[in-house]
1. Give me the percent relative contact order of the chain, please, defined on Cα pairs under 8 angstrom at least 6 residues apart.
2. Under Stokes-Einstein, with the Kirkwood radius over Cα pairs standing in for Rh, what whole-number D in µm²/s applies to the range 125-202 at 25 °C and 0.890 mPa s?
3. Run the count for the range 17-127, please: Lys pairs, Cα-Cα under 19 angstrom, 8 or more apart or on different chains.
4. Please report the carbon-and-sulfur percent of the accessible area for the chain; probe 1.4 Å, protein heavy atoms only, DNA, RNA and ligands left out.
5. Scan the range 181-256 for GluC sites (Glu not before Pro) in coil per DSSP, keeping those whose Cβ has at most 12 other Cβ atoms within 10 Å, and list them by number.
6. Tell me, how many Å apart are the Cα centres for the range 202-256 and for the range 138-179?
7. Quote the accessible area belonging to residue 211 in square angstrom, nearest 10, computed with a 1.4 Å probe and with ligands, DNA and RNA left uncounted.
8. Counting only protein chains, not ligands or nucleic acids, how are 88, 237 ordered by accessible area (probe 1.4 Å), most first?
Amino acid sequence: MSKITKIQAQKRKGRYNVYLDGKYAFPVAETTLIEFRLMKDVELTDKQVKEIQDRENVNKAYGDAVNFLSYQLRTEKEIKEYLYKKEYHKDAVETTLERLRELHYLDDNNYAKSFINTQLRTTANGPKIIRQKLVKKGVPNNIIQDKISEIDQDILLENAVEFAKKQVRKQKRASFQQMLTKVKQSLYQKGFDGEITNQAIKDLHLEVDEDEELIKLQKMIVKVKHRYDTPAKLINYLMTKGYHYDEIKRVLDANL
């Protein structure tokens, strides 16, 4: 048996140091102090001391978790990794997670829904990228699948179209065909599937301007022709840039 010889308030409000048999033993929160009715001259068994320390560890883990959650929503995986990083033992972590679930502070369903809405509202990310981010955050696959399937396709298409418009502007110096290829690639890289990608490009109503294409081709030839020692090599390069063979030949022949 050990006797509490002193309970001293810390500088931190609501925190106390407990002394057993004249020596510092452990810190506790005010809630733990009240729960176990800790006061001077109370005697504690080793089992009781361990129980108090375990409860204090759980309460501290819970407090840290709530503080971590106060900045933004988190997944169970994120909370678990955070607590383990702070070196809480498994029982404290699992108890904390259970309490957070009961209070609905931790809900991967709600997290996924909120995360997807934020992504759709603030980024140009499509479903595949959003899925990758949710997987990385530890959201279970069944929840990801359910929430991704609930995405409003009209909103998805609208985002894809807006993103595609920006990509078109970035490719204004490219040939029409190369511009289309680059825009499609960008949409795929952003996580949009083929159906949304094709519909987004269709909704842009893009049309080739033959005169503008000719000017771009002529400028390209002037810029790069010195790099190639034969017309065949030059033609091959220009074709990789989206220009058609007949157009290239016509411009080259006209300059001979």
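1. It rounds to 12 percent for the chain.
2. The diffusion coefficient I find is 185 µm²/s.
3. Lysine pairs satisfying the spacing and distance rule in the range 17-127 number 16.
4. C and S atoms contribute 48 percent here.
5. Passing both the DSSP loop test and the Cβ count: 207.
6. Their Cα centres are 30 Å away from one another.
7. We get 110 Å² for residue 211.
8. My answer, sorted largest first, is 237, 88.
The values are calculated or read from the model by the stated rules, or taken from the named source; none is laboratory data. The structure presented is a predicted model; accordingly, all values stated were derived computationally and were not measured. In this analysis, Cβ positions are derived from the backbone assuming ideal geometry, glycine residues included, and neighbour counts consider all displayed protein chains. Note: accessible area is taken over every heavy atom of the protein model, side chains too, but ligands, DNA and RNA are not part of it. Shrake-Rupley method; radii C 1.70, N 1.55, O 1.52, S 1.80 Å.
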